[in-house]
Amino acid sequence: MKTAIVTGVTGQDGSYLAELLLSKGYRVIGLKRRTSLINTSRIDHIFSHENLSLEYYDLEDSGCIYKLIHYYEPDEIYNLAAQSHVRVSFDMPEHTVNGVAIGPLKILEAIRNMNLCDKIKFYQASSSEMYGDNPEYPFNETSRLMPASPYACAKVFAHNIVRNYRESYGIHASSGILFNHESPRRGETFVTRKITLAAARIKLGLQDQLCLGNLDAKRDWGHAKDYVVAMWKMLQKISPSDYVISTGETHSVKEFLEEVFDCAGLDPYKYLKIDARLFRPHEVPYLLGDSTKARKELSWTPEHNFKTLAKDMYEADYKQMLNSEGRYGHIEKALRGAI
Ligand code: NAP
Ligand code: G4F
């Protein structure tokens, strides 16, 4: 049985990846940071799986990672943990950079110092944010990185140090340059989830306004469920490399808003308020990926598209709002079959 360590297991991607690895017969060691309230809602459904263990960990704690590698002797480590919100990285640059940039270096150093370079395969969660405001899209593995936020600058460092350790010490270390990927488990402060939650709540009479920032930014949005498959496939290759993972289609925030409100049968402009505070000091205006390499070398193709993603997220939020603590049960009765 293979053993995989997954950092950031309580996050969107960590939860889907843990599910995928358990379904493939792995023993999964999920690493979570200590929080004052229990925040395992994304993994509660696999919590009692006999092959899942949870351990405390923090990106800033080297000792933890040495201890866990020594104890569990993993075959694979997936580094997904991060302060992953771009806007927040402008408010907390030091914290973001310490975790996002130095966190993966700590893991690579542990692998090297424990003489495990030829034993452990390592995955790094790189990001399309690294392309920043480079105008020469679509972006592939060799496109110029022009990071436009503290978060993206930190991801560029991590991306480069992974390649450096691969080339210097022969570690099987791969970076997935993942374009935006969303799901019903997406954090509620990212724009897609903010929109699907708002549409569901407005539909049920629980909210009457949606505040957004820049509607013109374009993103290459995929589904997280599809993207974790690519992570796993990278570590099954004989040789490590870097891969862009994207759908190859780009849409504006405005288009996502209209698509979701269309699913809800609502006019978004009746509820929309543009709030200057939600604009960023430096915006990434246009992201479009070219994932030809991954499609060819990993035989990876996404199952979801823009429309099915928006529908999946809206319907999940609508159901969740209806069922939340049974409070809206009366509405469910009235609307049965309406979604
Ligand atoms: P997410 O939902 O925000 O999850 C991030 C995870 O990291 C959470 O489990 C979080 O714990 C944990 N974490 C945060 N700070 C930590 C720290 N100091 N020590 C230990 N754990 C910490 O992010 P995601 O969407 O799943 O993304 C996964 C990774 O892919 C991230 O590295 C992100 O930057 C990168 N990425 C994401 C996308 C995307 O579109 N989703 C695209 C490209 C790259 P809590 O649950 O306690 O907050
Ligand atoms: O949903 P977002 O916050 O995602 P962003 O900034 O693209 O970052 C996500 O994708 C990256 C991959 O490219 C990841 F590396 C990163 O970890 C994260 O998962 O914002 C998307 C766009 C931006 O242009 C933003 O300015 O939506 C715009 N936007 C407009 N109104 C908003 C809002 N973003 C947020 N979060 N909230 C708004 O109200």
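Here the scattering of the chain is modelled by Debye summation over its C-alpha atoms, one equal scatterer each and no solvent; at q = 0.10, 0.13, 0.15, 0.16 Å⁻¹ the log10 of I(q)/I(0) is -0.60, -1.01, -1.32, -1.47.
By the rule of a C-alpha distance below 25 Å, with chain neighbours fewer than 8 residues away ignored, the lysines paired with Lys194 are Lys32, Lys155, Lys203, Lys218, Lys225, Lys254, Lys270, Lys273, Lys307, Lys311, Lys319.
Think of the chain as a dipole: +1 on every Lys or Arg Cβ, -1 on every Asp or Glu Cβ, centred on the Cα centre; then among Leu17, Gly132, Met231, Leu17 lies furthest on the positive end. Quick note on segment 1-55: its Rg to Rh ratio, both from C-alpha atoms and Rh being the Kirkwood radius, is 0.93. Annotation: Met92 carries an accessible surface of approximately 90 Å², with a 1.4 Å probe and no ligand, DNA or RNA atoms counted. Just the protein heavy atoms count here, and of the accessible area of segment 221-309 at 1.4 Å, carbon and sulfur take up 51 percent.
Solvent-accessible area of segment 67-162 (1.4 angstrom probe, protein heavy atoms only): carbon and sulfur portion equals 52 percent.
The residues of segment 1-74 present an accessible area of 51 Å² per residue when probed at 1.4 Å with all protein chains retained. When you restrict to C-alpha pairs under 8 Å that are six or more residues apart and normalise by the size of the chain, the relative contact order lands at 17 percent.
Simple point charges give the picture: +1 on the Cβ of Lys and Arg, -1 on the Cβ of Asp and Glu, and for segment 235-332 a dipole about the Cα centre of about 240 debye. Gyration tensor analysis over the Cα atoms of segment 37-180 returns equivalent ellipsoid semi-axes of 26, 20, 14 Å (largest first, whole Å).
Remark: segment 84-195 carries 39 Å² of accessible area per residue (probe radius 1.4 Å; ligands, DNA and RNA excluded).
Could you tell me whether segment 179-299 comes out rounded, prolate or oblate from its Cα gyration tensor? Rule is a ≥ b ≥ c as square roots of the eigenvalues, rounded for a/c under 1.5, then prolate if a/b exceeds b/c, otherwise oblate. Taking the square roots of the gyration eigenvalues as a ≥ b ≥ c, segment 179-299 is prolate.
Taking 7 Å steps out from each Cα toward its Cβ at Asn323 and His70 produces label points 4.4 nm apart. Taking 7 Å steps out from each Cα toward its Cβ at Glu315 and Arg34 produces label points 4.2 nm apart. Think of each Lys and Arg Cβ as +1 and each Asp and Glu Cβ as -1; about the Cα centre, that makes the dipole of segment 41-89 roughly 280 debye. The mean accessible area for residues of segment 205-296, using a 1.4 Å probe and ignoring ligands and nucleic acids, is 45 Å² per residue. Charge dipole (Cα centre; +1 on Lys/Arg Cβ, -1 on Asp/Glu Cβ; no other charges) of the chain amounts to roughly 400 debye.
Computed over protein heavy atoms with a 1.4 angstrom probe, the accessible surface ordering of Ser246, Ser84, largest first, is Ser84, Ser246.
The values are calculated or read from the model by the stated rules, or taken from the named source; none is laboratory data. Just so you know, these numbers come straight off a predicted model, no measurement behind them. We place every Cβ from the backbone using ideal geometry, glycine too, and count neighbours over all the protein chains shown. Just the protein is used for accessible areas: all its heavy atoms, side chains included, with ligands, DNA and RNA removed. Shrake-Rupley method; radii C 1.70, N 1.55, O 1.52, S 1.80 Å.
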